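Trainee: Quick one: this structure, given as structure tokens, is what I'll be asking you about.
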Amino acid sequence: AVTPVSVLKGVPQHGATLGRASAPVTLHVFEDPQCPYCQEWAVGTLPTVVQNYVRTGKVKLVFEGVEIIGPNSEPALRAIYAAGRQNKLWNLVEEIYEHQGKENSGWITTSLLRDAATAVGADATAVLSDSGSAAVTLDLRNAEAAFQAIGSPGTPTFVVERPPALAQVLQLTGLDPTSFDAALDAAIQ
């Protein structure tokens with residue numbers, strides 16, 4: 001299996017963005033760290049998206065963390081956005097999915113987040129202290145507002161931006177790499 005670290009290795013990250021700032025297409029990825037379908041996408045399809053679209057400079061990804069499963073998602077979302085301050089957001093998302101437990105079972109603990117941050121080479125103490133910051137709260141509010149604006153369809157949801165065209169929700173037949181790549185290709189033609 002490809003480890004998350006190698007999937008992301010050498011790909012630029014800035015805050016919640018993965019990929020080159022100059023990429024002509026932005027793909028907003030709405031996820032809840034407790035969502036099993038988000039994990040399925042992140043583990044099974046994200047590596048292909050990174051390889052075929054992000055590394056080639058066609059697309060940049062923006063993480064949009066939303067709490068839809070339950071309140072246990074919030075500490076993970078806060079830690080994820082805090083890791084973005086160290087340009088390790090996508091690494092931490094991947095690491096958290098590697099340890100995903102059952103929905104609303106309380107599996108997202110401070111020690112899990114500390115261990116995950118350490119595992120991806122982030123300053124875990126800073127991640128945990130920054131997770132309560134006003135800046136992280138604003139990140140969460142902005143993601144929630146964007147999610148409400150598209151009608152809160154569930155997670156994962158993907159929104160394609162390719163100016164000057166209007167942003168559109170990616171219409172998917174499946175989360176597997178073949179289905180996803182086909183939908184993304186159609187959206188960015």
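The values are calculated or read from the model by the stated rules, or taken from the named source; none is laboratory data. Here the structure is a predicted model, which is why all the values come from computation and not from measurement. For neighbour counting, all protein chains shown are included, and Cβ atoms are generated from backbone atoms with ideal geometry for every residue, glycine included. To get the accessible areas, we keep the full protein, side chains included, count just its heavy atoms, and leave off ligands, DNA and RNA. Shrake-Rupley method; radii C 1.70, N 1.55, O 1.52, S 1.80 Å.
Trainee: Got a number for the accessible area of Arg114? Probe 1.4 Å, square angstrom, nearest 10.
Mentor: 110 Å²
Trainee: Follow-up. Whenever you get a sec, compute what percent of the accessible area on the chain sits on carbon and sulfur atoms (1.4 Å probe).
Mentor: 53 percent
Trainee: Quick one, which of (1) 43; (2) 39; (3) 24 is the actual percent of Cα pairs over 26 Å apart calculated for this model?
Mentor: Recomputing percent of Cα pairs over 26 Å apart here gives the entry labelled (3).
Trainee: Also: Ile69 versus Leu138, label points 7 Å from Cα toward the beta carbon: distance in nm?
Mentor: So the label points at Ile69 and Leu138 sit 2.9 nm apart.
Trainee: Rolling a 1.4 Å sphere over the protein heavy atoms, what is the accessible area per residue of the chain, to the nearest Å²?
Mentor: Result: 45 Å² of accessible area for each residue.
Trainee: Further question: Specify the inter-centroid distance of region 125-153 and region 1-61, based on alpha-carbon positions, in whole Å.
Mentor: A separation of 19 Å, based on Cα centres.
Trainee: Can you pull the one-decimal nm distance between simple spin-label points at Asn52 and Ile150, each 7 Å off the Cα toward Cβ?
Mentor: According to this spin-label approximation, the distance is 1.9 nm.
Trainee: Mind listing the phi-derived Karplus ³J(HN,Hα) values for region 80-87, rounded to whole Hz, using 6.51, -1.76 and 1.60 with θ = phi - 60°, and x for any glycine or proline?
Mentor: Along region 80-87, the couplings run 4, 5, 5, 5, x, 5, 9, 6 Hz.
Trainee: For every other residue with a beta carbon closer than 14 angstrom to the beta carbon of Pro47, add +1 if it is Lys or Arg and -1 if Asp or Glu, then tell me the sum.
Mentor: Numbers: positive: Lys9, Arg55; negative: Glu40, Glu94, Glu98, Asp176, Asp181.
So the surrounding residues net to -3.
Trainee: Can you run phi through the Karplus equation (6.51, -1.76, 1.60; θ = phi - 60°) for region 101-111 and list ³J(HN,Hα) in whole Hz, with x for Gly and Pro?
Mentor: Values, residue by residue: x, 5, 3, 6, 9, x, 5, 7, 10, 4, 5 Hz.
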